[in-house]
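Below is one structure, written out as structure tokens; the observations come after it.
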Amino acid sequence: MAGNSFGQIFRFTTWGESHGPAIGVVVDGVPPRVSFAEANVQHWLDRRRPGQSRFTTQRQEPDQVKILSGTFEGVTTGAPVSMMIENVDARSKDYSEIATKYRPGHADYTYDAKYGIRDYRGGGRSSARETASRVAAGALASKVVEALVPDGIKVRGALVQVGTRSIDRANWDWSAVEDNPFWCPDPAAAGDWQAYLDEVRKAGSSVGAVIEVVAEGVPVGLGEPIYGKIDSDLAAAMLTINAVKGVEIGAGMGAAALAGEENADEMRMDGDNVTFDSNHAGGVLGGITTGQDLVVRFAVKPTSSILTPRDTVSREGDDTEISTKGRHDPCVGIRAVPVGEAMVACVIADHLLRHRAQIGAFGSQAPHANPGKEAE
């Protein structure tokens, strides 16, 4: 099975299945002498870990990471960094009924049609369990970014929509994100979502979500036209996350409803720096970062494993019905927030290394190429 690697210079390969003995990741292209230890990874994994509220799957995985290679005395050596996370709470018996039935909305049918075999225990490679491996890669990416850009790049994600319920952007408060089980920046919306998801969960159903990830402090000049645009790599990164069905950069689909005068982010000088009056472009022009915030949103479909009976077919070609038992997220998008953060960190780390290899010092060669933050 090909297609398990992502990135060019900072390149990672994930491995393992949802109900196998372990999952993990191998990261190549890591510069030497980057401070890195298991504690750096554990913080990220703890944020993604299941079973932390009634709104996520109750599978109890400690997600304890083990670094197997690529470090010595607390720093990277330049060799591939291999990390492993053991699976300790898999319940394969919950999936015995679907061994011969395809779950609607899942990859059961397509995996079987392509390979002639599938791991029905929790979906195998197609399970959201795989995302723990890429979160470990994102933890390492964040340390690489920190080493390359000492001034700091801050990558933060938030849940901005659950089902039909969206936040009020006027209430956006980053400090509120860690204070509720939804990573929601709007405290009022977070309160509303609790009752909403309780109803969804009790009905045996599920809903989708929209996640927004913002990267602040990104230097100008990252990205390679035409086929190495940083926004195309960000979109590809988000679409590799299981259950993601749509991606936007900046204004995204909303840009189609804007007039040219509204959409173009006007520029002015502030001393020696170029500033922008807005950021509809999401921090990218021509596939190259402007120095503004990178803004990425992605949509996660409703969890396909639900208790409500659905029509399907069997492996033998018979019409049948299925109701998926087991421990599932009423909104899998909740745990996708740290996954999105990790993938953005991986893309930025990769582009920083690619830029350094081609150009050298970070930043454009043009005069006045330090846009800073948007004008007040």
Q | Residues listed by number, region 297-316, amide nitrogen under 20 Å from ASP192 label point at 7 Å toward C-beta | A | 298-300, 302
Q | Convex hull volume per residue in cubic angstrom - Cα atoms of the chain | A | 149
Q) Using a simple spin-label model with points 7 Å from Cα along the Cα→Cβ vector, what separation in nm is obtained for VAL149 and ALA170? A) 3.2
Q.
If I stretch the segment between LYS245 and ALA22 completely, what's the gain in nm (0.36 nm per residue apart, minus their alpha carbon distance), one decimal?
A. 77.6 nm
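Computed from the mean reciprocal separation of all distinct C-alpha pairs, what Kirkwood hydrodynamic radius does region 241-363 have, in Å? Could the numbers behind the result be given before it?
Working: mean 1/r = 0.0541 Å⁻¹.
After inverting the mean inverse Cα-Cα distance, the result is 18.5 Å.
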Q. Calculated from DSSP H runs of 4 or more alone, at -39500 (n - 2.57) each and per residue, what is the 222 nm mean residue ellipticity of the chain, nearest 500?
A. -7500 deg cm²/dmol
Q. On a 0 to 90 degree scale, rounded to 10, what angle separates helix 336-358 from the longest Cα axis of the chain?
A. 40
Q.
Testing the spin-label approximation: label points 7 Å from Cα along Cα→Cβ at GLU97 and GLU266. State their distance in nm.
A. 6.1
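Could you give the dipole magnitude of the chain about its Cα centre, charging the beta-carbon of Lys and Arg +1 and that of Asp and Glu -1, in debye to the nearest 20?
Working: 38 positive and 49 negative charges, 277 e Å.
Magnitude of the dipole: close to 1340 debye.
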Q. When the accessible area of the chain is computed with all protein chains present and a 1.4 Å probe, what percentage of it is carbon and sulfur?
A. 51
(Q) Tell me the relative contact order for the chain as a rounded percent, counting alpha carbon contacts under 8 Å between residues six or more apart. (A) 21
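What accessible area per residue, rounded to a whole number of Å², is obtained for region 309-362 using a probe radius of 1.4 Å? Write out the running numbers ahead of the final one.
Details: 2140 Å² over 54 residues.
Ligands and nucleic acids excluded, the figure is 40 Å² per residue.
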Q: Please report the base-10 log of the normalised intensity I(q)/I(0) for region 186-267, using a Debye sum with one equal scatterer per alpha carbon and no solvent, at each q in 0.14, 0.15 (1/Å).
A: -0.77, -0.85
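The values are calculated or read from the model by the stated rules, or taken from the named source; none is laboratory data. Computed from a predicted model, the values in this text were never measured in an experiment. Virtual Cβ from ideal backbone geometry, glycine too; neighbours counted across all protein chains shown. Please note that ligands, DNA and RNA were not included when accessible areas were found on the heavy atoms of the full protein model with its side chains. Shrake-Rupley method; radii C 1.70, N 1.55, O 1.52, S 1.80 Å.
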